[in-house]
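All of the numbers you see were taken from the coordinates with simple rules; none came from a lab. Just so we're clear, the structure is a prediction, and the values are computed from it rather than from any experiment. As a convention, Cβ positions derive from the backbone with ideal geometry for all residues, glycine included, and neighbour counts pool all protein chains shown.
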């Protein structure tokens, strides 16, 4: 490592003030701090600091995402071979998906980080770590058949409109990765809904089996909720959908990592699930008895298993920047996300994936929720005075 | 004994280098320094010149804004030098101490219980001991013309490696008691004591005669339970326009000496702590003692940082510095100015973190040799709920900080600026993922509120 350190120290002067590449300092700084935790010491205030920083936080989220990445890759291969009626090994399924998904991830990171670097260099500010997570979240929310140029476009949109115009990581009010997805969803609906969930690239000598249907369970349940796949299949994720969203099991592993490390808010995750369940039960009660296939009859816990609900609740709703920030606010925020997701799914067939829209909606309302909570807190504090 | 107040939020930083319970007397250093900069907002006006002979307890300077607040020499000797900084600001008054015994200005010996409030005030002002009494909000020297709604003494220190107050007080119980009696007179019966709840309690209710039981409060829980600000918040919160006073127990002892011995005797027990100290222990030292004289030959590692106070709230001391007026502790820890290869990616078994992102959480009992490394760079606020976990107050810290940054005085007041001091939010700064200088922001907010509020 001394060797690496020597190289960094030799080139450093060129990137410092007055150096040849002074302008590129943010880029150099990002790479240097990526390789080495800086030797900076505390100056004023506390003399010792907790070992955590934003890089560690972000890498923890990435670790929490790995189960969904691995499962998503495998499922891409599995769905593909299922459509062709082929029986192949787990490894073959995984490798098929691996080569399909990897380019999407690479494009997302390359384009997004590129935009971040350009912004940092022109504005002369530091490069924040936020995109390390966003760059992985974007591919996981997309169908595997998405054209790569759209991934790039989404990454640009997300970095520019989602973050940089507000001042970078920590300043945005909507989840950048979801913003990227919703951008594609509305700009290129043909690529984001319909018969696009399974990679159907031709297999020599094989034809698509008759039983194949491109419909996700979200479309199925709107038409006839009794035709939904088994709860176990939906839980483990043997179904069609965006790359990372299908397996609730993988999301729960991620949720466990986020909650155990203290990075993700368990209040938000729990209240999202609670909100969806409560709304599901309420709709069950109100459902028309003479129409047993109606979506309102869907068992409440099915909403946890369908579509990207678990993925959204665990990885998207918990983004601390765009979520509510007060403890009470987090409960309200989560409950409303869950409830709205179910309402959108059941009553608005045009947008089958309700979780994306409801998280973004609640992102917008998060500040308002917090505002109300803080105002109540202030009132309570004042009341304490007058009662004494 | 009432039901203890349970402080649930907070954190005890497990750091190496706690002081062992032995005391050595330190001989006076060749020079003693009194630093007007120890007193926030005080504008010093000198009463002595270089070459003057002074007695211990003789005034060296007073506060230009409040002339009755005077600052005394801790020892007898000759004024050797007045050190000035920019704009001729007085930084240090250096005194050459007498070689033989210390000569004191003498005051009448009397039982404070027999004195009136005004007489106690007068005695304290005259002797210069008044400046041990400080006020919240703003942590300034108390204003003698104010009537505080209470006087608070926290009888334990929960900060990292903090000296054991009960151990210190035990050496001079009668003086401590006399000091408390004086404060009781001053407070008009509103003297509150904060004690560590049993079973960790060092001091017990029986150590405090003459103080009603309902004014002795017991606290359970981690740091900052020992901070007087946290205790005030839980006993009787400060509102706008209200003033409370507080005194450190060791300073209570010094007040007691004034009444029982009739002199200003400023020596105190000092805990020398931290992992860079060879044998962390207690010393009897003089206020104004040269730091190098305290540390000489007692350090393990030259590449370390000397802190006056604890690692959360202390200030960095230079080699030529003197022991500050209110300090009871010196901490020496290694400097952490080595870059670490991929440090943010490694398992980090030896890294202390309140989060469980490093695997050190598998070893909950281990103590750490913490250094001064920042462990990352400053960022915008990202994580939420972190500060709340270590601030046991009914206050929303991030919203308070944002109100301060926006210089919105009404909002600061509504969110509780008058209840906090820098030290109360020090742990927030410690845990902050975004490495924000919380205490600096709080200090700015308090200063702004003091001037504008």
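The modelled label-to-label distance between residue B:341 and residue B:84, using points 7 Å beyond Cα along the C-beta direction, is 5.4 nm.
Annotation for the stretch A:265-328 versus the stretch B:26-82: alpha-carbon center distance of 69 Å. Modelled label positions at residue B:452 and residue A:91, each set 7 Å beyond Cα in the direction of Cβ, lie 6.8 nm from each other. The ranking of A:315, B:418 from fewest to most other beta carbons within 10 Å of each one's beta carbon is B:418, A:315. The alpha carbons of the protein assembly as shown occupy a box of 108, 66, 44 Å along the principal axes, longest dimension given first.
The slack between residue A:290 and residue A:364, meaning 0.36 nm per residue of separation minus the straight C-alpha distance, is 22.8 nm. With a ≥ b ≥ c the root eigenvalues of the C-alpha gyration tensor of the stretch B:267-334, is it rounded (a/c under 1.5), prolate (a/b larger than b/c) or oblate? The shape class here is rounded.
Quote the relative contact order of the stretch A:153-282 in percent (integer), defining contacts as alpha-carbon pairs under 8 Å separated by 6+ residues. The value is 12 percent.
Here the relative contact order of the stretch B:374-452, from alpha carbon pairs under 8 Å that lie six or more residues apart, stands at 40 percent. Which percentage, to the nearest 5, of the DSSP beta bridges contained in the protein assembly as shown is antiparallel? Approximately 65 percent, going by the DSSP bridge assignments.
Under 13 Å from a point placed 7 Å out from the Cα of residue A:350 along the Cα-to-Cβ direction: which residues of the stretch A:183-216 have their backbone N that close? Under cut-off, by backbone N: A:186.
As an exercise, use a Förster radius of 56 Å and the Cβ-Cβ distance of residue A:300 and residue B:320 to find the FRET efficiency, rounded to the nearest 0.05. The computed FRET efficiency comes out at 0.20.
Cα gyration tensor of the stretch A:252-340, axes a ≥ b ≥ c as square roots of the eigenvalues: rounded (a/c below 1.5), prolate (a/b > b/c) or oblate? Prolate, because a/c is 1.5 or more and a/b exceeds b/c.
Residue separation of residue B:380 and residue B:242 scaled by 0.36 nm, minus their Cα-Cα distance, works out to 46.2 nm of gained length.
Note: relative contact order over chain B, using C-alpha pairs below 8 Å and six or more positions apart, is 19 percent.
By the beta-carbon count within 10 Å of each Cβ, the least crowded to most crowded order of A:326, A:159, fewest first, is A:326, A:159. Exposure proxy for A:371, A:294, B:217: other Cβ atoms within 10 Å of each Cβ, ordered fewest to most, give A:371, A:294, B:217.
At q = 0.09 Å⁻¹ the log10 of I(q)/I(0) for chain B amounts to -0.59, computed by Debye summation with a single uniform scatterer per C-alpha, solvent ignored.
When the square roots of the Cα gyration tensor eigenvalues are ordered a ≥ b ≥ c, the ratio a/c for the stretch B:374-452 is 1.5 or more and a/b exceeds b/c, which makes its shape prolate. Computed over the stretch B:379-421, the Cα gyration tensor eigenvalues convert (square root of 5λ each) into semi-axes of 17, 14, 7 Å, ordered from largest to smallest.
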